[in-house]
Each structure stands twice: as structure tokens, then as C-alpha cells.
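Written out below as C-alpha cells is the structure these notes cover.
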Amino acid sequence: MTEKIILRGARQNNLKNLNLELPTNKLIVITGVSGSGKSSLAFDTIYAEGQRRYVETFSAYARQFLDRMDKADMDSIQGIPPAIAIDQTNQVRTSRSTVGTMTELNDYLKLIYARLGTLNCPGCQQAVKRDSSQSIISDISAKLPSGTRLHVCLAMPVPPDFSEQEIVRLLAQQGYTRIQPRSGQRADAHVHVIQDRLRLQSNNLQRLSEAIEAALRHSNGHVLIYPISENPESEQQAEPLRYSSHLHCPDCNIEFTDASPSLFSFNSPIGACETCRGFGRIIDVDYSLVIPDEKKTLKQGAVKPWQTPSFRECQVDLERFAKKIRLPLDTPWQDLTEQQQQWVLEGDGISGDGNWYGVRGFFKWLESKAYKMHIRVLLSKYRAYTECQSCHGSRLKPEASWWRLQQSDNAGTAARSYTISELMLLSLEQCSGFFQQVQLPAPFDEAADLLLGEIRTRLKYLLDVGLGYLSLNRQSRTLSGGEVQRINLTTALGTSLVNTLFVLDEPSIGLH
């Protein structure tokens, strides 16, 4: 390829036999008044010819799926590389498209969370991890002093149709004759069978490892370690240390499954919130439209839809039930307590006739009559898009928030961790700073290293074009034309194209 683009006799649109030489590997700005032929030169001539020649290199079968561009009106052009044009128009209309999906960062994030995410129990907020015999021994050695007597136990479940004594007899027939008495602080339908009794000493570590492995094998991946008191008069039985080779929370006794990348994608039915289907918003009653004037009292008609002759009966019911619970009817809505307002809106929570149904119950009744045109018109007046109360706008199922990605713990700096929803709320500049400090845990994971490298590279491109103030969850349809152009440019740069001509249409438009 020559080091310049040589254009001769360009007559496209309002160009008049233009001769031009443009150096390659340079940033070139075309300026001029409106109608001077800037777009005709950049898009209709240079880009059109570069794209047309590139498409002609494809097979006839592939060309039928691509847009064909007309040959530009000119004498000749030399040294033109394959071209990519990025317009300033924002063609995105779907609310599912975000900055994260446009830049393909969401695809990398869901993979990195599936590989490097740490599971936190939703009940006790403790980290949940798989245990092995070596990690269990290391944890026991750190928690208990050397020489402590240990009982390595396996928990055998008691089926509903059996008694504990019957299970003990069956275990005795298999050689398990020693049963560990439980403290009673945590009752469960299990018999704690002693696999081995020994002391925590350096010369017993091999035996301890074998006992733990046997207990994990015979107890479906669970093992209990009882530290035994040396005081024979002590009646207080210590709680066991619980471990599992599965993703199991020992404190809450909850079993978890491995995370798949789809769990962290709101465009997948596996990860999308079941209430809002991954949109983050739902069409629901907007109480600011139902009660537009909060200075009015309930008696003055604060609830607007009940002031028409058709639904005046609801206003009568409100006043009748309010008197029963002594709710003030002459107090402005804004001065009522939160509990009183909830009673008006949500009802008394008791189903059946003769009970207060509330504003929400009224609208549920209206929805059952939505086959009538005038009811649908009425509903449209008081409904709007509101934040989904199940996912609080994150678009994901609650299970996705159980997994967190953690920074490496630098000296003097507390390690930070984020769920994928929290990470998407950060600005791209903050997000880039976070990923610069994420390091791979041992053993080395080559696939995760490639993912981290790609995420860092794409975030760097976004910062280089001045988009560090955006967040990954920003909807694409709310972006300006210039912002969309620069995002598309970083997406193209992220593919590591070489010898490519990029044609941008006013990339600075829409800046603050």
C-alpha cells in the first residue's frame, strides 16, 4: 500500500474535479462551510470507494448479504485501504442496549465473574468456597492449638420413615459404632458418626487427611470436625467446624451451584429478572399520578381517580374504613405517617369481602376489566414505567448478586469487591481503576488472564476518547450522536484492525 491516498477528478455531488493527496496513518480533519462538499468527499467518495473495493474481494455468495455501494464519480483513486464509516446518528431504540453491550464489555464481564467471582452466602454474607482435605487441615491448624483432640465426623441423614435408633443400628452393621453427641444448638435430621479420633499434631496430619477424605466421600462431600475439651467435667459440647467439598454454606446449611456466564446476562432467560424480564423497569401504577396534590386531604379528594361519579363508591369506602382505624381524614396527605399512607395505598393486607382493598386493589380490579376500552384508557392515565422492585433496576436475578469480584489486597489498601450490578453503576474511569488492581489467584488461569487483558484494553480505549464519565448500564438510546460514534470507534479499535481507514462524521458533536 502507498503512503498516501491519491484522488483525481472527483465529481461526486457538488465536488468539481477535485484533485487531492491524503497521507495515510494520519488524523485528517475536513472542515468547511455547509454545502462545501465535506460529506461528499469523506463519505460518498473516499469511504464509498474503499468499502466497495473491499466488498468486491468477497465471494458472490457473501456479497449478497452486504450493502452494495455505487461507484463514486471520479477519474481515479489510488492507495485506498478498506474503510469503516461511523455516523453520528444514534440508531439504537431498544432499551436492552447499553454501553456495556455496545462495547461488548458485558460479554467479557459475565465470563470473568463466572471464572473469578467469589460466592457470598445471602444469609450470613460469608464467603462460600469448596474445601479440600489440605485446605481443611490448614484452617483447623490456624483455628485450634496444636495437640487438640479431634473427632472427624460424617453427617448421615435420617430418612423420614426411619428413626435415629434404626439408622444407628444400620451404621453399626457397617462398622461405625461411635456416635458423636450433639450440642443441641443446631438440631438437624442427621446422625454424626465418628470417622476417626486423633490429636492435631504434625505426626498425625497424614492420618487426619485420610480421615477427612473418607468422611467427604461417605457423607456426600460434607465433614464435621469436633474439637474435644480436655476437661472431663465440662458439659458444654463445642459446635463442630463444618466443611464441604461443594459450594455449601456451613452456617446457613445452604447448597449452591456453580455460576454460568448466562447468570450475569440480562439478555439471557437464565440471568434476566423474572419480574421485568431483564428491562429493569415495569409498567405499574404511578402513585404520583394517583395522588398529584399531596397538600389535599383524603376528604378533599387526594386520591384523584375516585373523584369521578363512576368510582365515587371507592371514596365512600375509604372514608368508612378510615374511621374504623381512626385514620385522620382532614390531615394533608404529605403529613400522614408512612404507615398510614401504606394503608391507603396497599390496603389492610386481609383478603376477602368487607376489608379495605386499597388503591392497589382498586387497580387490580380495573385490570380484570381491561377488555373494555374505557378501562384501558383510564389505566393508561395512571400507569408509567417504574423501577422493578424485584431487581431494583439491575435487570438480573438475585442469584447474580451473590457473586462478587474482588481486587487484590495491596499493602495498606483495603480490598474492594463488587457485584456485577454494582460494577455497572461505576463510571468507566472508576471501573478501569478497579480492573487495573484485579490480579489472578493461584494457580494461573490463562483464559482469565486473556479476559482481563481484553477488558483493560477496551476500557483504556473508552477513556482515551473521553467517555470516562459514562457507566456500563447507561442505555444506548440516551447517548448523543458523538458519544455513539466514539463508542463504535472503540469497538472497532478493540478488534485490533490494521491498515484500516476510519471515517467519522463530526465526532465532537454532543459534547458538554
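The values are calculated or read from the model by the stated rules, or taken from the named source; none is laboratory data. These figures come from a predicted structure and were not determined experimentally. Positions of Cβ are generated from backbone atoms using ideal geometry, with glycine treated the same way; all protein chains shown enter the neighbour counts. In case anyone asks, the SASA skips ligands and DNA or RNA and just uses the protein heavy atoms, side chains included. Shrake-Rupley method; radii C 1.70, N 1.55, O 1.52, S 1.80 Å.
Side notes on the structure shown:
- Where strands (runs of 3 or more DSSP E) fall wholly inside the range 117-224, the ranges with 2 or more residues that are surrounded by fewer than 18 Cβ atoms within 10 Å (Cβ to Cβ) and either at pLDDT 85 or above or on the phi < 0 side of the Ramachandran plot (or both) are 149-157, 190-199.
- Within the range 59-69, considering residues that are modelled with pLDDT under 85 and in a loop (DSSP other than H, G, I, E, B), the one nearest to ILE80 (Cα to Cα): MET69
- In the range 276-285, the residues that are surrounded by 15 or more Cβ atoms within 10 Å (Cβ to Cβ) and assigned to a loop (DSSP other than H, G, I, E, B): CYS276, GLY278, PHE279, GLY280
- Looking across the range 10-40 at every residue that is closer than 17 Å to ILE84 by Cβ and of a type outside the set (S, T, N, Q), the one that is surrounded by the most Cβ atoms within 10 Å (Cβ to Cβ) is identified as LEU22.
- Verdict on LYS295 being loosely packed, with under 13 Cβ neighbours inside 10 Å and out of contact with any strand residue (DSSP E or B) (no Cβ under 8 Å at 6 or more places or on another chain): no
Yes/no matrix, rows are residues, columns are (1) in contact with a Leu (Cβ under 7 Å, 6 or more places away or on another chain); (2) farther than 23 Å from LEU327 by Cα; (3) open to solvent by 20 Å² or more (accessible area, probe 1.4 Å):
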site: GLU274; (1), (2), (3): no, yes, yes
site: VAL290; (1), (2), (3): no, no, no
site: GLN300; (1), (2), (3): no, no, yes
site: GLU313; (1), (2), (3): no, no, yes
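- Residue in the range 307-315 that is closer than 24 Å to CYS391 by Cα, in contact with a Phe, Trp or Tyr (Cβ under 7 Å, 6 or more places away or on another chain) and not in a loop (DSSP other than H, G, I, E, B) present: no
- Meets criteria (hydroxyl-bearing (Ser, Thr, Tyr) and in a helix (DSSP H, G or I)) for THR45: yes
- Output for the range 472-488, where each listed residue is outside any helix (DSSP H, G or I) and among the aliphatic types (A, V, I, L, M): LEU472, LEU479
- Residues within the range 409-440 that are at pLDDT below 90, surrounded by 12 or more Cβ atoms within 10 Å (Cβ to Cβ) and in a loop (DSSP other than H, G, I, E, B), tallied: 6
- Residue, farthest from ASN19 (Cα to Cα), within the range 60-75, restricted to residues that are surrounded by 11 or more Cβ atoms within 10 Å (Cβ to Cβ) and not charged (D, E, K, R): LEU66
- Criterion applied to LEU479, LEU440 was being farther than 26 Å from ASP87 by Cβ and under 23 Å from the mean Cα position of the chain (by Cα), and the one residue passing it is LEU440.
- Residue that is farthest from SER97 (Cα to Cα) [pool: residues in the range 434-479 that are touching a strand residue (DSSP E or B) at 6+ places or on another chain (Cβ under 8 Å) and among the aliphatic types (A, V, I, L, M)]: VAL438
- The residues of the range 231-271 that are small (Gly, Ala, Ser), in a loop (DSSP other than H, G, I, E, B) and modelled with pLDDT of 80 or more, listed by number, are SER245, ALA259, SER260, SER265, SER268, GLY271.
- Selected residue (criterion: farthest from LEU452 (Cα to Cα)) from residues of the range 470-494 that are of a type in the set (Val, Ile, Thr) and surrounded by 17 or more Cβ atoms within 10 Å (Cβ to Cβ): VAL484
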